[in-house]
Amino acid sequence: MGNMLSTISIQRSKAIMLIAVISFSFIASSHYLENHESVLATKAATTATATSSTANQTATTATAANETNSNTKEFTLVAEEATLDISPSKKIKAWTYNGSIPGPTLRVTEGDKVIVHFINKLDLPHTVHFHGGHNGTMDGVFEIVPPNKTFTYEFTAAPSGALMYHCHVMPVVEHVRMGLYGAFIVDPKAPLPPAKEFVIVFGDYDTKDIHTSDPESAFYNGYENIYYDNPLPVYTNETARVYMINLSQLPAYGYHIHGTLFKTWISGIWMNEPVHTQTWATSSGDAAIFEMKWPWEGKYVFHQHGIPEDRGAMGFFNVTHPVAGLVDGKDIAISKPVNMISWQENLTKVLQNATSGK
Ligand SMILES: [Cu+2]
């Protein structure tokens, strides 16, 4: 119990420190995305690993996606072992796509030709199975990729929405829970309305029993309480859009957001008509797109209502009034979307602090 309390207190002081750093970045630099340097400088003052992980993230992003022309999107996914943190006190040996849990968010537009080069550097056979439309030879189930072999997946992106990818080698629960999963977002051809966009991949883990139906950890984007300690920034009356992807092995729990109802696109599919919801449950392998806004400043919690919220699946939106000098489409979504996904991926990498397992 003493151990637990000290872990909680370390977590809380880390939370306060990170909130302070992020708040400082926001107040001191209203152009927090544009003025990347000042955010990096602030982070570097806090932790040396932040800067190097940020640099790694930039390099990974540059090599993961290679846009050869407007209709072809090419990616490389490497299945590799990594030792990484999923909480301040839990270091695990994971199977990853490109060194993190989840793997990189792959984002394309409906109708794009998608080419994914898969390289298996792990000791067991693995695959990449995509949700959405494609022919059976590209399904990542029967075309097992042995260690040190490669496979190229090729298909046309459809339909538009919040899709996903994961390994489909049996036992699938083990291969997914060990970390082989990520978000696959397909944008509609017509531009989306302005919103501040976040991706939340829900996952879980257990350090003692990888097959359990009652895992000790549940988390968003690979780290317990990641957005409780580092809240998601939104301005008052700005629309927030969440691509919620469920790759946990838990039964379906409802995703609840405080202080507002929200619109839900069922199963994360844009062709569906949205419904108004207070909470929306997704099962493992399903997704949803949520949109919401708040007229008031404040901290608005979101969580997987029930058991997972006490195991790490809780965060909050920090809603503040816009300040002078914000740039539309970079800092605030007035007439254009603002993409926060790289910022989220960087945060996960900094917290997971992964080292190559081999
Ligand atoms: Cu696998």
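Phi-derived couplings, Karplus 6.51 cos²θ - 1.76 cosθ + 1.60 at θ = phi - 60°, listed residue by residue for region 250-256: 8, x, 6, 10, x, 8, 10 Hz, with x used for Gly and Pro. With the simple model of a label 7 Å out from the Cα in the direction of the Cβ, ALA252 to ASN237 spans 3.7 nm.
Taking amide hydrogens as placed 1.01 Å from N in the peptide plane, the amide H of LYS73 sits under 5 Å from those of LYS113, VAL114, ILE115, each at least 5 positions away in sequence or on another chain.
Remark on region 234-354: Rg and Dmax equal 15.1, 45 Å (Cα only). If the Kirkwood radius is taken over C-alpha pairs of region 316-358, then at 37 °C and 0.692 mPa s the Stokes-Einstein diffusion coefficient equals 254 µm²/s.
If R0 is 30 Å, what FRET efficiency do you get for MET170 and THR355 from their C-beta distance, rounded to 0.05? Once the sixth-power term is evaluated, E becomes 0.55. Close amide H pairs (under 5 Å, H built 1.01 Å from N) link ILE334 with GLY329, residues at least 5 positions away or on another chain. Of SER89, SER217, the residue with the largest accessible area leads and the full order is SER89, SER217 (1.4 Å probe).
Once you have a ≥ b ≥ c as the square roots of the Cα gyration tensor eigenvalues for region 64-189, tell me rounded if a/c is under 1.5, and otherwise prolate or oblate according to whether a/b is larger than b/c.
On the way: a/c = 1.88, a/b = 1.50, b/c = 1.25.
Prolate.
Overall, the accessible surface of region 240-320 at a probe of 1.4 angstrom is composed of carbon and sulfur to the extent of 55 percent. Rolling a 1.4 Å probe across the protein heavy atoms gives region 248-309 an accessible surface of 46 Å² per residue.
Largest first and in whole Å, the equivalent-ellipsoid semi-axes of region 202-245 read 29, 11, 6, each the square root of five times a Cα gyration tensor eigenvalue.
Using heavy atoms of the protein chains and a probe of 1.4 Å, the accessible area assigned to TRP280 is about 70 Å².
Taking 0.36 nm per residue of separation and subtracting the Cα-Cα distance, full extension of the segment from LYS299 to ALA190 would add 36.0 nm. Take region 76-121 with all the other protein chains still there, run a 1.4 Å probe, and you get 29 Å² of accessible area per residue. Sorting ILE115, ILE245 by accessible area puts them as ILE115, ILE245; the probe is 1.4 Å, largest comes first, and only protein heavy atoms count. Taken one residue at a time, the phi angles of region 85-97 give Karplus couplings (6.51, -1.76, 1.60, θ = phi - 60°) of 8, 10, 6, x, 10, 10, 9, 10, 9, 10, 9, 10, 9 Hz. Gly and Pro are set to x.
Taking 7 Å steps out from each Cα toward its Cβ at ASN135 and THR152 produces label points 1.6 nm apart. Straight-line cross-link reach from LYS90 at under 26 Å between alpha-carbon atoms covers these lysines, not counting any fewer than eight positions away in the same chain: LYS14, LYS43, LYS121, LYS208, LYS349, LYS358. The string of couplings for region 285-296 from the Karplus curve (6.51, -1.76, 1.60, θ = phi - 60°) is x, 10, 8, 7, 10, 10, 9, 7, 8, 10, x, 10 Hz, one whole number per residue in order, with x for Gly and Pro.
The values are calculated or read from the model by the stated rules, or taken from the named source; none is laboratory data. Only a predicted model underlies this, so the values are computations on that prediction, with no experimental measurement involved. Here the Cβ is made from the backbone with ideal geometry for all residues, glycine too, and neighbour counts use every protein chain on show. Ligands, DNA and RNA are excluded from the accessible area calculation, which covers all protein heavy atoms including side chains. Shrake-Rupley method; radii C 1.70, N 1.55, O 1.52, S 1.80 Å.
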